[in-house]
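Each reported figure results from applying straightforward, stated rules to the coordinates on display, with no laboratory input. All of these numbers come straight from a predicted model, not from anything done at the bench. Cβ coordinates were reconstructed from backbone atoms using ideal geometry, including for glycine residues, and neighbour counts include every protein chain displayed.
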Amino acid sequence: MIIKVLGSGCTNCTRLEKAARDAVAQLGIEATVEKVTDLGDIVSYGIMTTPALVVDENVKSAGRVLTTEEIVRILERSSQGDVCD
């Protein structure tokens, strides 16, 4: 599983990245968490507001900081093959 946090590196982006890493640790799953700060890359996902969370190339959230618990639910659904929220 590849999890991307899209954003400029602002405080909210950093908080979302931490929550994503905490969710991965809580679930004990194999996943890579990447920061994407390049504006061109961010726009390629159709994102207009950051921070955003992308799981296996599917945008799961944009414009807000998810809690660890919200990310856990997203990751659980993603690991079951669901692509929609």
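Descriptive notes on the structure:
- Full-stretch length increase - Asp56, Gln26 - with 0.36 nm per residue and alpha-carbon distance subtracted: 8.9 nm
- Note on Thr67 and Glu34: the extension gain reaches 10.1 nm, defined as 0.36 nm multiplied by sequence separation minus the Cα-Cα distance.
- Residues Leu16, Leu75, Leu39, Leu27 in ascending order of nearby Cβ atoms (within 10 Å, fewest first): Leu39, Leu27, Leu75, Leu16.
- Over the chain: helical MRE at 222 nm, DSSP H runs n ≥ 4 each giving -39500 (n - 2.57), nearest 500: -12500 deg cm²/dmol
- Shape category assigned to the chain from the gyration tensor of Cα positions, a/c cut at 1.5: prolate
- For the chain, applying the loop criterion from DSSP together with a ceiling of 15 other beta carbons within 10 Å to the trypsin sites (Lys or Arg not before Pro) yields Arg64.
- Cut-off 14 Å between beta-carbons: net charge of the residues surrounding Lys4, Lys and Arg +1, Asp and Glu -1: -3
- Ascending count of other beta-carbon atoms within 10 Å, so fewest first, for Glu70, Glu30, Glu76, Glu17: Glu30, Glu76, Glu70, Glu17
- A Gaussian network model of the chain, with springs between Cα atoms under 10 Å, assigns the largest mean-square fluctuation among Ala20, Ala52, Ala31 to Ala31.
- Largest GNM mean-square fluctuation across Ile47, Ile71, Ile29, computed for the chain with C-alpha springs under 10 Å, falls on Ile29.
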